[in-house]
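Trainee: Handing you this structure, nothing more for now.
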Amino acid sequence: MTDATRPDDAEPGDFAAMIPAVRVPAVLTFAGLVGGFAVGLILAGQPGLSGVATGVEAFGGLWLRGLQMTIIPLVASLIVLGVIQMVAAASAGAMARRTLGLFTLILAIGTSLTALVIPPLLDRVPIPAGAVQALRTARDTPAKVPGLADFLNSLVPTNVIDAAARDAILPTVVFFTLLAAAITRLPAAPRRQMSELFAAIAAAMLIVIGWVLRLAPVGVFALALGVAARSGGGAIAALAHYIVLVSGVGGVVLIASYGVAITAGRLPLGAFARALLPVQAVAFSTQSSLASLPAMLAACRTLGVRAASAEFVLPLAVALFRATSPAMNLAVAIYVARLTGVALTPTVLVTGVVMALLVSPSTVSLPGSISFISTIGPIALAMGVPVGPLGLLVAVEMLPDLMRTLGNVTMDVAVTAVLDRRGDARTAAGRSDGAV
């Protein structure tokens, strides 16, 4: 959003500048996963060394809790910032409201379809035999599955501090969403102060996450060693099954992007595909939508999208949209639910859809390995799904994250073309009405 289109009292975009340069040692983390499985398989055949495996796995649990402790403060802060940013964007005019409306529609459709399709798909193509016990630990006790009355009663917390302490994520998110809406009604000066406070908290949590992720190779090694020592190589098959399933959800969004561009954007398939190749090359190499923004702007110029539309919609899409995130995040939570024996009742699935959509605007535009726990953890907690297996899944997130980024940037350009065409149509209609 340029200064010309931002309201005079809109919140400053300082948070992007405050985001620390978090780096994930992805190759070393994957090596830790492989090494942990190898050592664990050796220990599995020596009962006398089972105590060693248990002790090492305990360190992995400590590392995982280091990531879990950031979930509530980071998600709460990012939700406040996301709501403030959406309200500021919506106040910029009709184009902004149409943009946010289209974003919401696409995200809601994708997330709802995930909830409807993934459980029966897992029935037809189940998790490999033996893998369920391989990835489930003694700590992964499913929470009580909420009924409809429990779900409704949990929406509004009587004590938000107590709710946060109990990892009751849904009422906590509802509270901070309402708090953010209230902040947008404050005068400009205190609104800016509150925005800067939550931006600073979020940035500080990302620094903590960066510290913890530096230990990811060791933490994942410890978790993988314990899993392999306890149950052999069943987890390897589960991880491969998981990668294919979750990446497939992102692949569907990617394919749908071409459909959106062709049908609603009225773009030729060949032209759109050729224009997106440089964008997808940058996305593949960086795993970052933000880093792909210049290439997306260039693709829009190639496709004949007006500069005014591209320069407005694309930054907003990078900040708030992320077409694959809620669908793929919910797919991960559903997969872990199957691993840990959580019953996927309609109420649980609806809770997951709602939480995935609520958390989506608060996702940071960084590689998925960085935000993996903080974005999927709230969905899992709201559904009553243990978060323990996420510690191993984060080690292979770099593979599904490639599909996440490819789907995001492709859909970003597609919706920009759609909104530009709608803007053209509205302008033409207005001129026609004026002529009459």
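Trainee: Mind listing whichever residues of segment 182-196 are assigned to a loop (DSSP other than H, G, I, E, B) and of a type in the set (A, V, I, L, M, F, W, C)?
Mentor: Of everything in segment 182-196, just one residue is assigned to a loop (DSSP other than H, G, I, E, B) and of a type in the set (A, V, I, L, M, F, W, C), namely Leu186.
Trainee: Also: Output yes when any residue across segment 82-103 is at pLDDT 85 or above, under 27 Å from Leu213 (Cβ atoms), in a helix (DSSP H, G or I) and out of contact with any strand residue (DSSP E or B) (no Cβ under 9 Å at 6 or more places or on another chain), and no when none is.
Mentor: Taking every residue of segment 82-103 in turn, none turns out to be at pLDDT 85 or above, under 27 Å from Leu213 (Cβ atoms), in a helix (DSSP H, G or I) and out of contact with any strand residue (DSSP E or B) (no Cβ under 9 Å at 6 or more places or on another chain).
Trainee: Which one of these is modelled with pLDDT of 90 or more and of a type outside the set (A, V, I, L, M): Gly210, Gly251, Gly233, Gly226?
Mentor: Gly251
Trainee: Against the definition (among the hydroxyl-bearing types (Ser, Thr, Tyr), more than 22 Å from Leu399 (Cα to Cα), surrounded by fewer than 23 Cβ atoms within 10 Å (Cβ to Cβ) and free of Cβ contacts under 8 Å to residues at least 60 places away in the same chain), how does Thr347 come out, yes or no?
Mentor: When the stated conditions are applied, Thr347 does not pass them.
Trainee: Inspect segment 316-324 for any residue being surrounded by fewer than 21 Cβ atoms within 10 Å (Cβ to Cβ) and among the small types (Gly, Ala, Ser) and give the result as yes or no.
Mentor: Among the residues of segment 316-324, not one is surrounded by fewer than 21 Cβ atoms within 10 Å (Cβ to Cβ) and among the small types (Gly, Ala, Ser), which makes the answer no.
Trainee: Now for a different question. Could you figure out which of (1) touching a helix residue (DSSP H, G or I) at 6+ places or on another chain (Cβ under 9 Å); (2) outside any loop (DSSP other than H, G, I, E, B); (3) open to solvent by less than 40 Å² (accessible area, probe 1.4 Å) isn't true of Leu267?
Mentor: Going through the list (1) touching a helix residue (DSSP H, G or I) at 6+ places or on another chain (Cβ under 9 Å); (2) outside any loop (DSSP other than H, G, I, E, B); (3) open to solvent by less than 40 Å² (accessible area, probe 1.4 Å), Leu267 breaks only (2).
Trainee: Next question. Which is open to solvent by less than 20 Å² (accessible area, probe 1.4 Å) and part of a helix (DSSP H, G or I), of Val279, Val244, Val252, Val305?
Mentor: Val279
The values are calculated or read from the model by the stated rules, or taken from the named source; none is laboratory data. Only a predicted model underlies this, so the values are computations on that prediction, with no experimental measurement involved. Quick reminder, even Gly has a Cβ in these numbers, built from the backbone with ideal geometry, and neighbours come from all protein chains shown. Quick note on the areas: whole protein, heavy atoms, side chains included, nothing else; ligands and nucleic acids left out. Shrake-Rupley method; radii C 1.70, N 1.55, O 1.52, S 1.80 Å.
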